[in-house]
Amino acid sequence: MKHHKFLAKAFRNVALALSVTTLIFATSRAENSNSPTNGATGDQKLVIKSAVSISKTVSAKPSPSPRVTISKSSKKDLSSKSSTLATKGSGNADDPGDDYGTIKTISDPIQPVNRGTFWLNHQIYHYVFHPLNKVYKTVLPTPVRTGVSNVFDNVNYPVRFVNDLLQWQPKRAGLETEKFLVNTTAGVGGIFKVSQKIPSLANVPKTDTTATFAKWRIPEGPYIVWPILGPKSARDTVGFVGDVALNPVTWLTLGAGAGLSGGAAVAVEAPSTTSTTSDKIDNYETVTDHAIDRYEAVRSAYSQNRKKVESN
């Protein structure tokens, strides 16, 4: 405000000096005149009138700027809106668009070694699993592949049932048993997921041994990328052994079938999908196709998927 007053005063003084000079010049040319415009030419009269007009304009005091008053209710409204915007800007823990913001980064103290193993697994995926997966999809139509996937998911029932009991979820264990019986009988050995048409059985949360360890508050431990088996935490590594032991495929094949299925875990295990080799390879492609750093992308996806399973 002081700056504006100073500029107005300076401009007013300059205009006054200009008008006085113009008047002196005009009166010196006018003879026997009481008015500064008497005897002056048309151009001189215009200059004199302009100078006087400017002098009067700048001499006038500027009108004060209007004051804006804010009522207490308006202040409260502005304050609430500001806090709302601040909350939105800071990010929401439940925001579905925030992929990694709510996921705690897993400890990775042996990252150089993990990156070397990850590179090896990627070569195995690229030259072995990926071509086999293409042949598998070419030979078997989608309905057949879905049926195979459903059978593997149904056979994995003991893993979910035992861990539901270990987590003290008897109701969920009962639902798992109902789902297994329905799919095994009406679904012809689990080929068809008839349970999906029953509301109470359609969305039973999946679980595993690692999720049980998490419920028991056993520390996660460091991130490890195993050859062939892929990414796991120390806790998940022990949990994986438990899952293999509980899987009926292990009992029937003396571990060979479970080892083959686990070997495809070079892809990222997603809890929302079945745990077949083809599914894991598809997941791996989805995560890494456009990633700048494949290693970071897989590690982040692994952490998110584990958090989803453990939060059930």
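Readers should treat all values here as calculations from the given coordinates under stated rules, not as data from a laboratory. Just so you know, these numbers come straight off a predicted model, no measurement behind them. A quick note on method: Cβ atoms are made from the backbone with ideal geometry, for glycine too, and the neighbour counts reach across all protein chains shown.
Can you bin the range 200-251 into rounded, prolate or oblate? Criterion: square roots of the alpha carbon gyration tensor eigenvalues sorted a ≥ b ≥ c, rounded for a/c under 1.5, prolate for a/b above b/c, oblate for the rest. It is oblate, given that a/c is not under 1.5 and a/b is not larger than b/c. Taking Cβ atoms as reference points and 11 Å as the exclusive limit, the residues near Arg172 contribute a net charge of +1, counting Lys and Arg as +1 and Asp and Glu as -1.
Among the trypsin sites (Lys or Arg not before Pro) in the range 187-236, those located in a DSSP loop and surrounded by at most 10 other Cβ atoms within 10 Å of their own Cβ are Arg217. Peptides 222-231, 108-117 ranked from most to least packed give 222-231, 108-117, packing being the mean of other C-beta atoms within 10 angstrom over each peptide's residues. Shape of the range 111-310 from the C-alpha gyration tensor: oblate (a/c of 1.5 or more and a/b not above b/c, with a ≥ b ≥ c the square roots of its eigenvalues).
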